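Below: one structure, written as structure tokens.
The values are calculated or read from the model by the stated rules, or taken from the named source; none is laboratory data. Given the structure is predicted, the values throughout are model-derived calculations rather than measurements. Every residue, glycine among them, receives a Cβ derived from its backbone with ideal geometry; neighbour counts consider all protein chains shown.
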């Protein structure tokens with residue numbers, strides 16, 4: 001529970017985020033990463049969040065998930081994941097079994113539960129961001145809600161969907177500017193954004209007349225004006241910098257699992273950066 005406590009204390013007493021740099025060596029230390037993974041999964045287990053996952057006869061599903069998260073964090077092959085499973089998690093799970101579990105797991109709900117821990121962090125603005133990942137049998141569209149501070153970009157919700165309405169349902173209440181591209185210029189989406197406390201700054205599309213709802217709060221801007229107001233890189237740009245622009249697998253189910261594991265790893269890295277920052281403060 002210590003990571004949750006750190007986040008809560010941080011959110012209550014600090015108004016700006018001063019975290020260790022993303023290239024700090026402690027974020028690459030395997031033992032620290034393994035411990036953080038086990039700590040978060042222990043929180044999930046105590047909160048009953050692992051009950052909906054498939055059951056395993058031989059190994060606890062928590063251990064399988066821990067190994068898969070460790071594998072994704074370091075972009076490891078499955079054979080190497082088997083080795084580190086023995087070393088850090090006390091389970092010798094064959095790499096073919098790990099691969100089969102990647103096809104079984106549905107991690108969207110669990111991923112969003114982890115990202116809720118990041119919603120306690122301060123932020124300057126919020127952004128909706130989407131990407132399309134091509135696979136041999138089609139494509140996968142992934143959308144995320146991202147919080148932004150200078151030098152820090154972190155997701156607070158993610159959805160495998162082509163529907164902006166479905167993503168906006170996950171938008172937590174907040175304040176400040178909400179940036180999004182032209183796909184979010186519908187009246188329903190913008191009204192929901194306003195109801196949740198934000199001021200929409202949306203890129204204008206060819207079909208957009210220039211504003212919806214209350215024009216004092218709901219604004220649609222040209223691409224040049226939009227980029228001037230929102231110069232920040234999208235979350236998926238940072239994601240692909242870490243994990244690459246292609247997920248190396250053939251099946252759609254496995255690809256989705258690895259995308260969500262990657263988003264969870266991104267959240268874990270933010271939690272570690274906050275944890276070490278607070279430790280440094282004494």
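General remarks:
- Remark: residue 52 falls outside the filter, which requires a residue to be in a loop (DSSP other than H, G, I, E, B), modelled with pLDDT of 90 or more and not assigned by TED's automatic domain parsing to the domain that holds residue 153.
- Selection count, region 134-169, where residues are assigned to a loop (DSSP other than H, G, I, E, B) and over 21 Å from residue 203 (Cα atoms): 4
- Whichever residue in region 90-133 is assigned to a strand (DSSP E or B) and under 15 Å from the mean Cα position of the chain (by Cα) and, among such residues, is nearest to residue 240 (Cα to Cα): 131
- Each residue in region 119-158 was checked for being buried (at least 17 other Cβ atoms within 10 Å of the Cβ) and without any contact (Cβ under 8 Å) to a residue 12 or more places away in the chain, and 0 pass.
- If you go through region 76-105 and keep only what is under 21 Å from residue 251 (Cα atoms) and loosely packed, with under 14 Cβ neighbours inside 10 Å, you end up with 77, 79, 94, 96, 100, 103.
- Criterion: without any contact (Cβ under 8 Å) to a residue 60 or more places away in the chain and touching a helix residue (DSSP H, G or I) at 6+ places or on another chain (Cβ under 6 Å) - qualifying residue of 114, 41: 41
- Of all residues making up region 22-47, the number that are assigned to a loop (DSSP other than H, G, I, E, B) and under 14 Å from residue 113 (Cβ atoms): 1
- Only one of the numbered conditions (1) at pLDDT below 90; (2) assigned to a loop (DSSP other than H, G, I, E, B); (3) in contact with a helix residue (DSSP H, G or I) (Cβ under 7 Å, 6 or more places away or on another chain); (4) surrounded by fewer than 20 Cβ atoms within 10 Å (Cβ to Cβ) is not met by residue 212, and that is (4).
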